[in-house]
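Every read-out reported here was derived from the displayed coordinates using simple, explicitly stated rules and does not represent laboratory data. Values in this document were obtained by computation on a predicted structure and should not be read as measured data. FYI the Cβ positions are ideal-geometry reconstructions off the backbone, even for glycines, and counts take in every protein chain you see.
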Amino acid sequence: LKDESYDFVICTNLCHISPIECTDKMFEGISKKLKSNSFFFIYGPFTVDFKPTTQSNADFDLYLKGLNSSYGLRDISYLEEVG
């Protein structure tokens, strides 16, 4: 994969089912691959102001944390900061 060669990248359902370090590394890697003025789309459940947007997302977050304490919904503010 050549650096600075992609117009967009799409990531689905990764941030919440992996340790937060994976999210950090994802942004680090993607930033090298995207062209200037390109797009990085992330799909998945997130929190806003550290609150789930739906009850089903709150339940899902608890479920994920039960599987692995390093999993769970990430707050959109964190993604904006790291991104």
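Only one entry of Ser18, Ser56, Ser31 meets the criterion of being of a type in the set (Ser, Thr, Tyr) and more than 16 Å from the chain's Cα centre (by Cα), and that entry is Ser56. For beta carbons closer than 8 Å, sequence separation of 6+ or different chains, a first residue in the range 12-26 that is on the phi > 0 side of the Ramachandran plot and a second that is not in a helix (DSSP H, G or I), the qualifying pairs are Asn13/Tyr43; Asn13/Gly44.
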